[in-house]
Amino acid sequence: VYLKTGSGGFIELFSKGGDQPDIPSNASGFKHLCLWVDDIEATLHDLKAKGLDVDPAGIRTGRSKCRQYFIADPDGVRIELMQLMPESLQAQAIEAEIQSKYPQIPQICADLSFICVNLRNLWINRFS
């Protein structure tokens, strides 16, 4: 199975592999796969509806300040479901990258906010 990961990138998944060796928790290398989800509660609800044994009480906040929940595939490979939070290190890195590429965005947002407030006031004044 190939999963598209962006512009020209893929992750290839294999089935019917051999037994997995025991890997110490402090080993280097691949330990788990992380999938970014928009809403971790909704994702767990969908997985539960499909028969996966999940418990939303197991959602935790990681060191990066993202919300996380771990499941495993049929071979026992850990899969982290991660919801990016605004205060997370990842969100801050994305914001910094956007700011460096598009420094005009804060001004555009401020202008749009000003326009929206004025339109709202016009609407209220016209129809009140």
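The values are calculated or read from the model by the stated rules, or taken from the named source; none is laboratory data. Remember, predicted model here, so these are calculated numbers, not experimental data. Positions of Cβ are generated from backbone atoms using ideal geometry, with glycine treated the same way; all protein chains shown enter the neighbour counts. Surface areas here come from the heavy atoms of the whole protein model, side chains and all, with no ligands, DNA or RNA. Shrake-Rupley method; radii C 1.70, N 1.55, O 1.52, S 1.80 Å.
Observations on the structure shown:
- Debye, to nearest 20: dipole size of the chain, +1 on Lys, Arg Cβ, -1 on Asp, Glu Cβ: 420
- Helix 40-49 vs. the chain, principal-axis angle (Cα, 0 to 90°, nearest 10): 50
- On Cα atoms only, tilt of 105-127 relative to the major axis of the chain in degrees: 50
- Three-way shape call for region 27-74 based on the alpha-carbon gyration tensor, with the a/c threshold at 1.5: oblate
- A probe of 1.4 angstrom, applied to the heavy atoms of all protein chains, finds residue 35 with accessible area near 80 square angstrom.
- Of the solvent-accessible surface of region 34-128, computed with a 1.4 Å probe and all protein chains present, 59% belongs to carbon and sulfur.
- Accessible area of region 33-128 divided out per residue, in Å², using a probe of 1.4 angstrom: 75
- Residue range of the chain that is longest and free of trypsin sites (Lys or Arg not before Pro) which are both DSSP loop and sparsely packed (at most 14 other C-beta within 10 Å): 64-128
- Only the Cβ atoms of Lys and Arg (+1) and of Asp and Glu (-1) were treated as charged; on that basis the dipole of region 77-128 about its Cα centre amounts to roughly 280 debye.
- Distance in nm between pseudo-label sites at residue 92 and residue 13 (7 Å out along the Cβ direction from Cα): 3.3
- When both bridge partners sit in the chain, DSSP labels roughly 65% of those beta bridges antiparallel.
- Alpha carbon convex hull of region 34-103, projected area averaged over orientations, nm²: 5.6
- Dipole axis of the chain (+1 Lys, Arg; -1 Asp, Glu on Cβ), positive-most option in 122, 35, 3: 122
- Two-decimal ratio, the chain, of alpha-carbon radius of gyration to 2.2 N^0.38 Å: 1.54
- Solvent-free Debye calculation, one equal scatterer per alpha-carbon of region 76-124: log10 I(q)/I(0) at 0.14, 0.27 Å⁻¹ equals -0.60, -0.95.
- Loop-located chymotrypsin sites (Phe, Trp or Tyr not before Pro) across region 25-94 with a Cβ neighbour count of 15 or fewer within 10 Å are 30, with loop assigned by DSSP.
- Each of residue 122 and residue 53 was given a label point 7 Å from its Cα along the Cα-to-Cβ line. The distance between the two points is 6.0 nm.
- Pairwise label distance in nanometres, residue 115 with residue 1, each label 7 Å out on the Cα-Cβ vector: 4.3
- Length-normalised contact order of the chain in % [C-alpha pairs under 8 Å, at least 6 apart]: 18
- Using a probe of 1.4 Å, the accessible surface attributed to residue 97 totals some 90 Å² when neighbouring protein chains are kept in position.
- Relative contact order of region 31-77, pairs being alpha-carbon contacts under 8 Å that are 6 or more residues apart, as %: 33
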